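**Student:** Pasting a structure here, questions to come.
No value in this document is a laboratory result; all are computed from the given coordinates. Predicted, not measured: the structure shown is a model, and the values here were computed from it. Cβ: placed from backbone, ideal geometry, glycine included. Neighbour counts: every protein chain shown.
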Amino acid sequence: MTKKVVIIGGGIAGMEAASTLSRMNIDVLLIEKKQQLGGHVGEWDHLFPNFRNAREITRSLLYDLQDKHIKICTSTEITGISKKSGKFEVRTTQQQTFKADSILLSTGFDLFDARKKEEYGYGIYENVITSVDLEQKLKESNVLTMASGVIPKRIAMIHCVGSRDEKSGYFHCSKVCCITAVKQAIEVKQKLPHAEIFCFYMDLRMYGKKFEELYREAQEKWGIQFVRGRLSEAAENMDGSLQIKSEDTLSGRPLKMNVDLMVLMIGMVPSESTTFLGKMLGIHFSEDGFINHDDIHLENNLTNVPGIFTAGTVTSPMTITDTIADARSAALKIATYIS
Amino acid sequence: MKTEGKKRVWEDYQKEIAEDHYYFQRSCIRQNFFPGSETAFLKILTGELGRDIMDDPHHTTCTGIGYHADIVPFDTTMTVVARHFALMTENGYENMIISCVTSFGIYTEILETWKHFPEVLARARRYLKKATGREFNIPKNVTHASDIIYKFKDQIAAKAKYRLINQQTGEPLKVVEHIGCHYSKMFPSWGVGGAEFPYVLQGMVESWGGEVIDYPERRHCCGFGFRQYIVRANRGYSVANSKKKFESMKPYKPDFVVCNCPGCTMFMDKWQYTISEMEGKTYDEYGFGIPVLTYEEMAGLVLGYDPWELGLQMHQVQSEPLLDKMGIPYDPAEKYKTASGKTFRLPAEPTSLKVCV
Amino acid sequence: MKEFGFSITKDRQIDYDQNDHRLLNFVLENEPSFIVCISCGGCTATCSAGNLIDFNIRKLNILIRRGETEDLEREINKCMLCGKCMLVCPRGINTRNVILKIKEAIQKFR
């Protein structure tokens, strides 16, 4: 009898794992709560470090899902999962019940709710937006303006919003925001060649391939300026611009400046779906709220529950490159497990 | 500025404020600098709102200024506070109102310490018993006096004789609200509206017809800072903090400043004189400075209390321009009369800050 | 004016909008490599002058970027122009020329 895997979460991790498993002749059911597959990447515009159109990624992954072994249920959420003699039974909001030999959790991450960072005034000040809002704006329009319609002359990108911040409830590094800030700063500069752009960072974590090069390009070619210091507060001026404060830690002096637009680089936080399903299944979480691995080096797709595997950002923030690799690795682990 | 965003924050920081039967903890310095404020508070609570409140002559300082100036150790402060709780308990009260923001900070710090370290609470009980033979209950409800006025703001609005509206233009008065740091910066959940966008004074101002100005240095400390003003050589950076605020609020042309902290009210008021003497600068259009009121003085004016009974003549920046805007009548001849009808010695006139004599 | 026994403390905050950025722009125009500095501090570690006296070329570069140039003339004259900083700079900045351009700009915008 063909073995069957239920994959929960149809972002890029779930999609890649599904196609990899199908190529090994394993039946896959891919369940996604939204109407469409693709997750967060599906809503993104251009990707670091090479400004590739994000649609190329989702298009390619979707293409690979066209296989007789793959069944897809969108607009479907999980209501319950039980395990009987090594087999799983998955129930959904569409009143369906599916049997599975193994389950892959690829329920991804949630975006940090920037309103929690009260002192930055997201949702209160007119010209404070998030990196996700900016990406939408870049996707939808050729011009970038302040709320008033005026062209901004100075823009600040604020790193680590909801990351490395215990007060906001998350001490982990979201990994992708530094390079996203650099990418978006360049894109903004391309749209607004006369604007001054400042990145306020604590550390610049340029660990990935071509990240450091992009950082240097941002400085050298685009004149993006970098201030090392965490923003302490923002306040709205009479004209809707913002007065922001940080320490310029490299000169050891407090600094204030006015900016027309402030972009908060919001982090990745454990998704509600992951927490919900994880608790239902008795899965162990680490202190950061993401799913835990007992062996972080050699068994990074395994959970403490035999038969339940992980792929992608359910275990920690990841780039697309890392997520895809993680999904393939999960598929291999599952294939070994069910045979 | 999106008000709905602020409302969402305010909803996150609602605190429980007792309805009635309060034990009142006065401030050390308020009775000197704004002598009518606490009197007005008691008058509003008992006279206007029919509340039961005990004003106890047996209580002392909370030691806050000494504590923050590193003169009084924490254990002493804690024992003094425990004694106040004992007085409250002995008099049959469970709800405490604290007049001073420094004291409020002391009380909240101690209550939070006791919550997390029960052994420290046990120590406080032991010290108090040893020193005075007293025992105490922890209050059911601890509020700052501004929380109480906030709670009854709409009842006060219903009785208002004057509103925070410029009678000449019909426009709402523009008000700077300044919250003492120790009201909610240490423990945001202890303050109405939290620490970033406190609502306690804004709620009053809005209920009484005024409009609050949100200017860039709104959150900045007044510079009081205990050790900073106690040591004369340090006062330079105490005043620099207030100056930073005045510079930032000036373009908004505020009609007055309202504070909920004794130190802030005093310094925001008096430093205007100091700055005017040092730099010849004032922060209103006509050289009178920006009046700085306590929230009880603001409530008193709204309720139609006599400005001189409220003690407004004891402020450095004089309030006549504000009284004129609100349409409140006053008798200049009564301004410097004592209760028995004698006239005070008139204050000396500043060099550049204008005053109405 | 009355004597109070204290004066109003001058603000230490860098007020970016009030500062003069002409000097920075001049240096950037004439020695573009200046822009890629990552504040690693290699230059300061090796600096002949900085090892003996209070002189921090890394910090000075940051202050120029912020438009804080008040003490610059006195500070920059501490440089011995030995060029060791150029040898260590991981980003290949022509640090010696940066200093010469700073000196030039000081004269120009005096």
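**Student:** What does the extension gain come out to for A:S141 and A:K279, with contour length at 0.36 nm per residue minus their alpha carbon separation?
**Tutor:** Numbers: separation 138, 0.36 × 138 = 49.68 nm, distance 4.15 nm.
Full extension from A:S141 to A:K279 adds 45.5 nm.
**Student:** Which of the three applies to segment A:114-268, rounded, prolate or oblate, going by the alpha-carbon gyration tensor with a ≥ b ≥ c and a/c under 1.5 meaning rounded? Intermediate results must be reported in sequence, preceding the final value.
**Tutor:** Working: a/c = 1.30, a/b = 1.04, b/c = 1.24.
Since a/c stays below 1.5, the shape of segment A:114-268 is classed as rounded.
**Student:** Right, here's the next one. Once the convex hull of the alpha carbons of segment A:224-339 is built, what does its volume come to per residue, in cubic angstrom? If you can, show how the numbers build up before the last one.
**Tutor:** Details: hull volume 19.1 nm³, N = 116.
Cα convex hull per residue, to the nearest whole number: 165 Å³.
**Student:** Let me ask you something else. Amide H to amide H, which residues 5 or more places from B:H21 or on other chains are under 5 Å from it, using H placed in the peptide plane?
**Tutor:** Here the answer is B:D52, since their amide H atoms fall under 5 Å of that of B:H21.
**Student:** Oh, and also: Between C:E3 and B:Q155, what's the calculated FRET efficiency when r is the beta-carbon distance and R0 is 60 Å? Round to 0.05.
**Tutor:** Numbers: r = 49 Å, r/R0 = 0.82.
Result of the calculation: an efficiency of 0.75.
**Student:** Related question: Using a Gaussian network model of chain B whose springs link C-alpha atoms within less than 10 Å, name the residue from B:V302, B:V205, B:V231 with the highest mean-square fluctuation.
**Tutor:** It is B:V231.
**Student:** List the relative contact order of chain C as a percent without decimals, with contacts defined as Cα pairs under 8 Å and 6+ residues apart.
**Tutor:** Working: 104 pairs, mean separation 38.9, N = 110.
Result for chain C is 35 percent.
**Student:** Going by the alpha-carbon gyration tensor, a ≥ b ≥ c the square roots of its eigenvalues, is chain C rounded (a/c under 1.5) or, if a/c is not under 1.5, prolate (a/b greater than b/c) versus oblate? Before the final figure, lay out each step's value.
**Tutor:** Numbers: a/c = 2.21, a/b = 1.67, b/c = 1.32.
Verdict is prolate for chain C.
**Student:** In addition: Quick one: if you stick a label point 7 Å off each Cα along the C-beta vector at B:A69 and B:K253, how many nm between them?
**Tutor:** So the two model labels end up 4.2 nm from each other.
**Student:** Right, here's the next one. Report, in deg cm²/dmol and to the nearest 500, the calculated mean residue ellipticity at 222 nm for chain A, where each DSSP H run with n ≥ 4 adds -39500 (n - 2.57) and the sum is divided by the residue count. The partial results should precede the final answer.
**Tutor:** Details: 7 runs with 87 residues, N = 339.
So the helix-based figure for chain A works out to -8000 deg cm²/dmol.
**Student:** For a quick check, take a GNM of chain A with Cα springs below 10 Å and name the residue from A:L255, A:L134, A:L298 with the largest mean-square fluctuation.
**Tutor:** A:L298
**Student:** Cross-link list A:K116/B:K140; B:K15/B:K140; A:K4/A:K333; B:K159/B:K354; B:K151/B:K335; A:K33/A:K209: which exceed 22 angstrom alpha carbon to alpha carbon?
**Tutor:** Details: A:K116/B:K140 30 Å; B:K15/B:K140 13 Å; A:K4/A:K333 14 Å; B:K159/B:K354 33 Å; B:K151/B:K335 32 Å; A:K33/A:K209 33 Å.
In this structure, A:K116/B:K140; B:K159/B:K354; B:K151/B:K335; A:K33/A:K209 exceed 22 Å between Cα atoms.
**Student:** When the gyration tensor of chain B is built from Cα positions, what are the square roots of 5 times its three eigenvalues, in whole Å, from largest to smallest? Kindly include the intermediate steps, with their values, before the conclusion.
**Tutor:** On the way: eigenvalues 217, 101, 92 Å².
They are 33, 22, 21 Å, listed from largest to smallest.
**Student:** Less than 10 Å Cβ to Cβ from A:D260, Lys/Arg counted +1 and Asp/Glu -1: what total charge do the surrounding residues give?
**Tutor:** Numbers: positive: A:K153, A:R154; negative: A:E196, A:D239.
With Lys, Arg at +1 and Asp, Glu at -1, the neighbours total 0.
**Student:** Per-residue ellipticity at 222 nm for chain B, helices alone: DSSP H runs ≥ 4 residues times -39500 (n - 2.57), over residue total, nearest 500 deg cm²/dmol?
**Tutor:** Values: 16 runs with 151 residues, N = 357.
Only helices count here, giving -12000 deg cm²/dmol.
**Student:** Once the Cβ-Cβ distance between B:D20 and B:A131 is put in as r, and R0 is 35 Å, what FRET efficiency do you end up with, to the nearest 0.05?
**Tutor:** On the way: r = 32 Å, r/R0 = 0.91.
So the FRET efficiency works out to roughly 0.65.
**Student:** Hey, another quick one. Which aspartates and glutamates have a Cα lying under 12 Å from the Cα of C:K103, excluding residues fewer than 8 positions away in the same chain?
**Tutor:** C:E73, C:E75
**Student:** Now, a different point. Determine the shape class of segment B:160-334: with a ≥ b ≥ c the square roots of the Cα gyration tensor eigenvalues, call it rounded for a/c under 1.5, and otherwise prolate if a/b is greater than b/c, oblate otherwise. Let's see the in-between values first.
**Tutor:** Working: a/c = 1.65, a/b = 1.23, b/c = 1.35.
In terms of gyration-tensor shape, oblate.
**Student:** Sort A:F171, B:F224, B:F288 by Cβ crowding within 10 Å, fewest neighbours at the top.
**Tutor:** Listed from fewest to most nearby Cβ atoms, that is A:F171, B:F288, B:F224.
**Student:** Across segment A:49-59, in residue order, what do the Karplus-derived ³J(HN,Hα) couplings come to in whole Hz, using 6.51 cos²θ - 1.76 cosθ + 1.60 with θ = phi - 60° and x for Gly and Pro?
**Tutor:** Karplus-based 3J(HN,Hα) across segment A:49-59 equals x, 10, 6, 5, 5, 4, 5, 4, 5, 5, 4 Hz.
**Student:** Check which residues have an amide H placed less than 5 Å from B:H178's amide H, if you skip close sequence neighbours.
**Tutor:** It is B:V258, B:C259, B:N260, by chain and number.
**Student:** Would you grab the residues whose amide H sits under 5 Å from the one on A:E233? Only those 5+ places off in sequence or on another chain, please, with H modelled 1.01 Å from N.
**Tutor:** When sequence neighbours closer than 5 places are left aside, the close amide H contacts are A:K245.
**Student:** Tabulate in residue order the Karplus-calculated ³J(HN,Hα) for segment B:172-178, using 6.51 cos²θ - 1.76 cosθ + 1.60 with θ = phi - 60°, rounded to whole Hz; enter x for Gly and Pro.
**Tutor:** x, 5, 8, 10, 8, 9, 10
**Student:** Right, here's the next one. Could you tell me the distance between the Cα centroids of segment A:138-195 and segment B:246-294, to the nearest Å?
**Tutor:** 38 Å
**Student:** With a Förster radius of 56 Å, plug the Cβ-Cβ distance of A:T97 and C:R74 into 1/(1 + (r/R0)^6) and report the FRET value to the nearest 0.05. Can you show the working numbers first?
**Tutor:** Details: r = 80 Å, r/R0 = 1.43.
About 0.10, to the nearest 0.05.
**Student:** I would also like to ask the following. Report ³J(HN,Hα) in whole Hz for each residue of segment A:254-265, in order, from the Karplus equation J = 6.51 cos²θ - 1.76 cosθ + 1.60 where θ = phi - 60°; Gly and Pro get x.
**Tutor:** Per residue, the Karplus-derived 3J(HN,Hα) values read x, 9, 10, 8, 9, 10, 8, 9, 10, 10, 8, 7 Hz.
**Student:** Oh, and also: Averaged across orientations, what area in nm² does the convex hull of the alpha carbons in chain A project? It would help to have the intermediate numbers written out before the result.
**Tutor:** Values: hull surface 71.6 nm².
Taking a quarter of the hull surface, the average projection is 17.9 nm².
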